[in-house]
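Shown next, in structure tokens, is the structure this report addresses.
The values are calculated or read from the model by the stated rules, or taken from the named source; none is laboratory data. A quick note: this is a predicted structure, and the numbers were derived from the prediction, not measured. Counting neighbours? That spans all protein chains shown, and the Cβs are built from the backbone with ideal geometry, glycine included.
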């Protein structure tokens, strides 16, 4: 039976949220990329449906579990969403396990977004004196944390019943295991809380973007027989996870050369697996998260540039020769400077980390190497013009346009005897009228056979 954490009756919640309420006629999505009007209407201590498997509800955990510091970073977050995240943690976490909640305000426009929350129970507030981004803000919070385990949450979450004990119990068994809850969905329009499938694990393609992979039928059968067992996952989504503070420090924290957001979950996932740890999704822990279709805040240099820089850092540090398949899929990334990664390479040597080839064989065998290791890829260029697939519909004629260096319609692979554009999933084809068009790739189509002559 967990002890309730007493709320501070002197905190004026209505005034706190009301100070940044939408103005009459203001677009409810403009500030946060979710429906702030609906978010503001809901109680900050609302109940949510218990989405755990029924077998989770009878589990008992050992009496002595490690404590945790919950670290929440935010930048211009809707006050109602931030406060609901905090209240859910306070209401559904055993007092003896929750050491503190550390709020790191990443230089929000209004300093009172965080400052006014410091009177809440167990809450500590920090404010950056300039925009640092999620990565460096999380490290700042972690450096000050007093708990045995660090639990990172986004600022628009709601934790579910007994969410914390399963995470801490798993870390207590082995401090090199990094654990994530199943991430339920809080609908960005209605704020309805929706349970997510337990038959998914995290992964990525050769563009190195995170994606959810379905389990194999064999894995699903094992899950059905043992629904409370942790799920090994090649990658974590990155927003919500727990890690031993000792292991966080020893394994290299975050890559501090990355900026703002993006790519950090790839880097930490590869590093943990390759350097002696593992990643798991713990199905008896559920946390809801508001998934948005766009970022409501700006990135210095632009979001695409920052993501490409961060992803390049991860690829160059951890993927060995296999990074070429990332550049094959995203040729525009080659021109993005990624800075000095010597500290990551020294860390890899110090921890005696395994190779990316080992990771592919033992952790993520589903990540298939594209056919033909020696395939050609990139632009088909003549002077300053490049072959462009234009529309991309079957039968569309291809033509030359000024090279833009961004890949996409101008990125071509030569695999065996075909020239393919993976952006539109079409191959260069000689049409019946003799024109060069982009058609669906067919193994036995003689009009799609090409030969490369070196000059």
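Do we have any residue at all in segment 214-227 that's surrounded by fewer than 22 Cβ atoms within 10 Å (Cβ to Cβ), at pLDDT 95 or above and under 22 Å from residue 354 (Cα atoms)?
no
Answer yes or no as to whether residue 52 is in contact with a strand residue (DSSP E or B) (Cβ under 8 Å, 6 or more places away or on another chain) and assigned to a loop (DSSP other than H, G, I, E, B).
Taking the combined requirement at face value, the residue satisfies it.
Okay, residues lined up against (1) out of contact with any helix residue (DSSP H, G or I) (no Cβ under 8 Å at 6 or more places or on another chain); (2) surrounded by fewer than 16 Cβ atoms within 10 Å (Cβ to Cβ); (3) closer than 24 Å to residue 143 by Cβ:
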| residue | (1), (2), (3) |
| --- | --- |
| 255 | no, no, yes |
| 261 | no, no, yes |
| 280 | no, no, no |
| 291 | yes, yes, no |
| 295 | no, yes, no |
| 307 | yes, no, no |
| 314 | no, no, yes |
| 317 | no, no, yes |
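Please tell me if residue 23 is closer than 30 Å to residue 230 by Cα, assigned by TED's automatic domain parsing to the domain that holds residue 149 and part of a loop (DSSP other than H, G, I, E, B). Step through it out loud before you land on a result.
Working: closer than 30 Å to residue 230 by Cα: no; assigned by TED's automatic domain parsing to the domain that holds residue 149: yes; part of a loop (DSSP other than H, G, I, E, B): yes.
The answer is no for residue 23.
Does residue 258 satisfy the criteria of being under 29 Å from residue 348 (Cα atoms) and over 15 Å from the mean Cα position of the chain (by Cα)? Reasoning before the result, please.
Values: under 29 Å from residue 348 (Cα atoms): yes; over 15 Å from the mean Cα position of the chain (by Cα): no.
The answer is no for residue 258.
Does residue 247 count as under 26 Å from residue 60 (Cβ atoms) and either within 20 Å of the chain's Cα centre (by Cα) or assigned by TED's automatic domain parsing to the domain that holds residue 154 (or both)? Let's see the steps before the verdict.
Values: under 26 Å from residue 60 (Cβ atoms): yes; either within 20 Å of the chain's Cα centre (by Cα) or assigned by TED's automatic domain parsing to the domain that holds residue 154 (or both): yes.
Yes; evaluated as a whole, the condition is true for this residue.
Taking the condition of being crowded, with 18+ Cβ neighbours inside 10 Å and within 18 Å of the chain's Cα centre (by Cα), how many residues in segment 185-198 meet it?
Restricting attention to segment 185-198, the residues satisfying the condition of being crowded, with 18+ Cβ neighbours inside 10 Å are 186, 188, 191, 193, 198.
Filter again for within 18 Å of the chain's Cα centre (by Cα), leaving 186, 188, 198.
Total satisfying the criteria: 3.
Check every one of the helices (runs of 4 or more DSSP H) wholly within segment 82-200 and list those with 2 or more residues that are over 30 Å from residue 51 (Cα atoms). If you could, list the steps in order and put the result at the bottom.
Details: elements: 112-115, 134-144, 164-173.
Qualifying helices (runs of 4 or more DSSP H): 112-115, 134-144.
Is it true that some residue in segment 247-263 is touching a residue at least 40 places away in the same chain (Cβ under 8 Å), touching a strand residue (DSSP E or B) at 6+ places or on another chain (Cβ under 8 Å) and part of a strand (DSSP E or B)?
Scanning segment 247-263, I find at least one residue that is touching a residue at least 40 places away in the same chain (Cβ under 8 Å), touching a strand residue (DSSP E or B) at 6+ places or on another chain (Cβ under 8 Å) and part of a strand (DSSP E or B), so the answer is yes.
Given segment 302-390, what helices (runs of 4 or more DSSP H) lie entirely inside it while holding 1 or more residues that are at pLDDT below 95, outside the structural domain of residue 436 (by TED's automatic domain parsing) and within 26 Å of residue 420 (Cβ to Cβ)?
Working: elements: 303-318, 323-329, 342-350, 356-362.
Once the helices (runs of 4 or more DSSP H) in segment 302-390 are filtered for at least 1 residues that are at pLDDT below 95, outside the structural domain of residue 436 (by TED's automatic domain parsing) and within 26 Å of residue 420 (Cβ to Cβ), what remains is 303-318, 323-329.
Specify which of the listed residues (71, 5, 17) is in contact (Cβ under 8 Å) with a residue 40 or more places away in the chain, touching a helix residue (DSSP H, G or I) at 6+ places or on another chain (Cβ under 8 Å), surrounded by 16 or more Cβ atoms within 10 Å (Cβ to Cβ) and in a loop (DSSP other than H, G, I, E, B).
Answer to the check: 5.
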